[in-house]
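The values are calculated or read from the model by the stated rules, or taken from the named source; none is laboratory data. Predicted model, so just to flag it, every value in this text is computed and none were measured. As a convention, Cβ positions derive from the backbone with ideal geometry for all residues, glycine included, and neighbour counts pool all protein chains shown.
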Amino acid sequence: MRRTSIVILVVAALAGCGDIIGLDGYTDGDGSVLLDATTDAQGDVIGSDATPKDGGKDVSPEAASCNTQTSVCVPDVPTGWAFAVYDPDARGACATGYGAPQDVEEGIDAGAASCNCGCSVTNPDCHSGTLAIQAGSNNTCNNINTQTDVADGGCNTLTQFTTSNNNVAVMPPTPVGGSCTPSASQTIPAVGYAHQGRTCAYEAGAPSGGCQSGEVCLPNPAPFNACIAQAGTQTCPSGYPTQHIIGSKIADTRGCTACGCTFDAGSCGGTLTLWTDTGCANNATAIPATSTCTKANGNNRTWHGYSYVPQPTSNCAGSAVSPDGGVAFSDSTTVCCK
């Protein structure tokens, strides 16, 4: 009778241990399955005190089902951003779960404009004014006989005019009017890009679970990169550190600063020709219209005609010009990738 009692106590003790020691396949006293011996995808015992093989992060059995050839775990999308995929240098078909392909460029390469400013001059009128003719008896053309006449270009009658030793000085007319016309030119180089690629938008619906905390499961975007996108120029969040500023439309404002001209009327200058007859046919003597006392041909000659041909010295100076403006995306978007 004593031996039989001992066996019954041992069996009862083992039965009670089901509520204390987790044994795989056993149930505790309330009928629930004990999961102490369940392992995750890395072979770690979930809920055990042993250090896991994955570095201390227990992963549920469902997590292993995301990291496959058709799905990947990625950091969850931050507020204000949207999931997208990006290939900077190719324009292939979007992967399953992604659509709305958009061809984009990245890294604008646009040289500055080459600028030039020229001017074309319109000479002043040198025939509408008057000129002064002064005779003298020595090399200084001291005033013996002076008269003012129209600066006409044809043959004009000169009031009886006698020179002593034929010293003559001619003061040219004052120039009237004249102007400059700016003539600007510029050369704008073609726009180039460091990258020409494609983006695709995420279209697979709500992301699924099966990833560690802070991550979601998305369709595998290969050969594209898993990214997030937001309009404008933005700072990338920590989960997606690689920034790309992309766009498909450019605003090209390259050009040159304004071209202007400074006009200098200068002098009418030119030559006055004296004649001994009113028909401007005999004994022509040319005198430079520079207000300089000049020795004429002959001696104590009387002049009756003259003609005047101006030689304006007006000029234009073009202003300094420089390139301005630039090129930027008018639809810039920030794409941040893992």
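Numbers at a glance
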| read-out | value |
| --- | --- |
| Inter-residue pairs, beta-carbon under 9 Å, first of a type in the set (Gly, Ala, Ser) and outside any loop (DSSP other than H, G, I, E, B) and in the range 234-249, second loosely packed, with under 13 Cβ neighbours inside 10 Å and at pLDDT 95 or above, 6+ apart | Gly247/Ser330 |
| One residue from Asp76, Asp54, Asp87, Asp49 being surrounded by 13 or more Cβ atoms within 10 Å (Cβ to Cβ), over 30 Å from Asn315 (Cβ atoms) and at pLDDT below 95 | Asp54 |
| Test result for Thr233, farther than 30 Å from Asn167 by Cα, within 21 Å of the chain's Cα centre (by Cα) and modelled with pLDDT of 95 or more | yes |
| Pairs where the first residue, in the range 151-168, is assigned to a strand (DSSP E or B) and at pLDDT 85 or above and the second is buried (at least 17 other Cβ atoms within 10 Å of the Cβ) and of a type in the set (Phe, Trp, Tyr), C-beta under 8 Å, 6+ apart | Asn156/Tyr306; Asn156/Tyr308 |
| Tally, over the range 189-209, of residues that are at pLDDT 90 or above, assigned to a loop (DSSP other than H, G, I, E, B) and touching a Cys at 6+ places or on another chain (Cβ under 8 Å) | 1 |
| Sole residue being under 30 Å from Leu274 (Cα atoms) and of a type in the set (Phe, Trp, Tyr), chosen from Phe224, Phe161 | Phe161 |
| Residue identified as surrounded by fewer than 15 Cβ atoms within 10 Å (Cβ to Cβ) and either more than 30 Å from Asn139 (Cα to Cα) or under 29 Å from the mean Cα position of the chain (by Cα) (or both) among Gly177, Gly210 | Gly177 |
| Checking Val216 against (1) under 30 Å from Cys126 (Cα atoms); (2) over 32 Å from the mean Cα position of the chain (by Cα); (3) in a strand (DSSP E or B), the condition it does not meet | (1) |
| The range 107-150: number of residues that are among the hydroxyl-bearing types (Ser, Thr, Tyr), within 28 Å of Gly178 (Cβ to Cβ) and part of a loop (DSSP other than H, G, I, E, B) | 1 |
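Yes/no per residue for (1) over 60 Å from the mean Cα position of the chain (by Cα); (2) at negative phi; (3) buried (at least 16 other Cβ atoms within 10 Å of the Cβ):
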{"site": "Cys94", "(1), (2), (3)": "no, yes, yes"}
{"site": "Tyr98", "(1), (2), (3)": "no, yes, yes"}
{"site": "Val104", "(1), (2), (3)": "no, yes, yes"}
{"site": "Asp109", "(1), (2), (3)": "no, yes, no"}
{"site": "Asn116", "(1), (2), (3)": "no, yes, no"}
{"site": "Asn139", "(1), (2), (3)": "yes, yes, no"}
{"site": "Thr146", "(1), (2), (3)": "yes, yes, no"}
